[in-house]
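Let me begin by presenting the structure, written as structure tokens, before commenting on it.
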Amino acid sequence: MKIRAAVLEEFGQPLQVQELDLEGPKAGEVLVKIEACGVCHTDLYTASGADPSGYVPTVLGHEGAGFVEAVGEGVTLVRPGDHVITLFSPECGVCIHCTSGKTNLCMAIRETQGQGVMPDGTPRLSRDGEPIRHFMGTSTFAEYTVMPEIALAKINKEAESDVVCTLACGAATGLGAAMYRAQVEPGSTCAVFGTGLVGLGAVAGCKIQGAERIIAVDLSADRLEVAKHYGATDLIVAGGGDVDPVQQILDMTDGFGADYTFEATGLVGVMAQAVEAARMGWGVCTVLGVAGKGETLAIVPRFLITGRTVIGGSFGGTRGRTNVPQLVDMYLEGNLDLDGFISHRITLDEVNKGFELMEAQDGIRSVITF
Ligand code: CU
């Protein structure tokens, strides 16, 4: 079939919206009609050429939601008409990682997904016979996409795609970090560095877990106001030269530090601050940001010897097919505000505007609606 999609032709160049061919779903695959897709930093990161594993041409986009249009042979997990969220982090439920109960990193299709092809080694996207590779196993900057069934979370049909699509990446990464990865305990003091969508999700997740105090750190006073809405009790505007967020957090916690800290900036200097702001004895620092190529996190060993733990999480440790539908239900029950994350709604043709808004740090999330 013919579809319209946003193609990254060349690194560092705007995406080009054009017509492509999409082959139908093969065994174990599903054709999804995309209704909405968030524009995430990872799309921009790859488009810029900074991602060492990036390739062109490809259709970007990974924060999608929509409906199952058709299924390939042997598909049992979804049927036509099901409402789904796309998962760049699949959950097969049977691989050594899925059954370990210790990680959300499913091994089933990792290799082929990284190569931009379906599990059988071929792409479904093409243009005039020339194969075009998929991106993150999703390629959701498109009217339709084909994905493996294990990479779709089946959700409540009532949920609006242009809101819950944020659970395909950003919001779920932050929420999951607090709820599933760090497993914040009630009454805790938490500190969240960076209050973009991931950081705001972490703030909201800490609140859901019953944290008593949530300290939010960001360069933007506007974004911190949004963090306050999501449950931040103390705000620190960083980057003012003489402002040392670590010292401020220590001062707020009788010199001890926070029980849980979260880093959601991708800056290794901020990651180090998040480690140093974690409490002596038992503080847990969760690293979520994607750092630049070749960058490393420097930690003075004393911080570890004196009882701090550093952990990280892809997709915040969220198990896609298990946890994402639960988060959608929380939203529908009124226990999780996702609407406040969406600052702009744009069309597919305006996808580059979504990148510009992100670069200008204007708003929280732009969502493309189809
Ligand atoms: Cu993302």
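The values are calculated or read from the model by the stated rules, or taken from the named source; none is laboratory data. The shown structure was predicted, so the numbers you read here are calculated from the model rather than taken from an experiment. Note: ideal-geometry Cβ built from the backbone for every residue, glycine included; neighbour counts use all protein chains shown. To get the accessible areas, we keep the full protein, side chains included, count just its heavy atoms, and leave off ligands, DNA and RNA. Shrake-Rupley method; radii C 1.70, N 1.55, O 1.52, S 1.80 Å.
Take M147 and decide whether it is open to solvent by less than 10 Å² (accessible area, probe 1.4 Å) and touching a residue at least 24 places away in the same chain (Cβ under 8 Å). Judged against the criteria, M147 is a match. When segment 230-258 is limited to residues that are open to solvent by less than 30 Å² (accessible area, probe 1.4 Å) and not aliphatic (A, V, I, L, M), the one that is farthest from I208 (Cα to Cα) turns out to be P245. Any residue that is hydrophobic (A, V, I, L, M, F, W, C) and open to solvent by 70 Å² or more (accessible area, probe 1.4 Å) - is there at least one of those in segment 335-357? The answer is no; no qualifying residue exists.
Checking the stated criteria, L267 turns out not to satisfy the condition of being within 24 Å of G316 (Cβ to Cβ), of a type in the set (A, V, I, L, M, F, W, C), surrounded by 13 or more Cβ atoms within 10 Å (Cβ to Cβ) and free of Cβ contacts under 8 Å to residues at least 24 places away in the same chain. When segment 134-148 is limited to residues that are in a loop (DSSP other than H, G, I, E, B) and of a type in the set (G, A, S), the one that is farthest from D43 (Cα to Cα) turns out to be G137. Yes or no: A70 open to solvent by less than 50 Å² (accessible area, probe 1.4 Å), away from the ligand (no atom under 16 Å from the Cβ) and of a type outside the set (D, E, K, R)? Criteria met by A70. Here T195 fits the description: closer than 20 Å to M252 by Cβ, in contact with a helix residue (DSSP H, G or I) (Cβ under 8 Å, 6 or more places away or on another chain) and either among the polar types (S, T, N, Q) or within 16 Å of the ligand (Cβ to nearest atom) (or both).
Checking D362, D337, D349 one by one, the residue that is assigned to a loop (DSSP other than H, G, I, E, B) and touching a residue at least 60 places away in the same chain (Cβ under 8 Å) is D337 and no other. Of the candidates G283, G317, G312, the single residue that is surrounded by 15 or more Cβ atoms within 10 Å (Cβ to Cβ), touching a strand residue (DSSP E or B) at 6+ places or on another chain (Cβ under 6 Å) and farther than 30 Å from Q13 by Cα is G312.
Applying the set (1) without any contact (Cβ under 8 Å) to a residue 24 or more places away in the chain; (2) more than 21 Å from A36 (Cβ to Cβ); (3) open to solvent by 30 Å² or more (accessible area, probe 1.4 Å) to C95 leaves exactly one unmet item: (3). For residues in segment 165-188 being part of a helix (DSSP H, G or I) and more than 14 Å from the ligand (Cβ to nearest atom), which is surrounded by the fewest Cβ atoms within 10 Å (Cβ to Cβ)? Only one residue tops the list, namely Y180.
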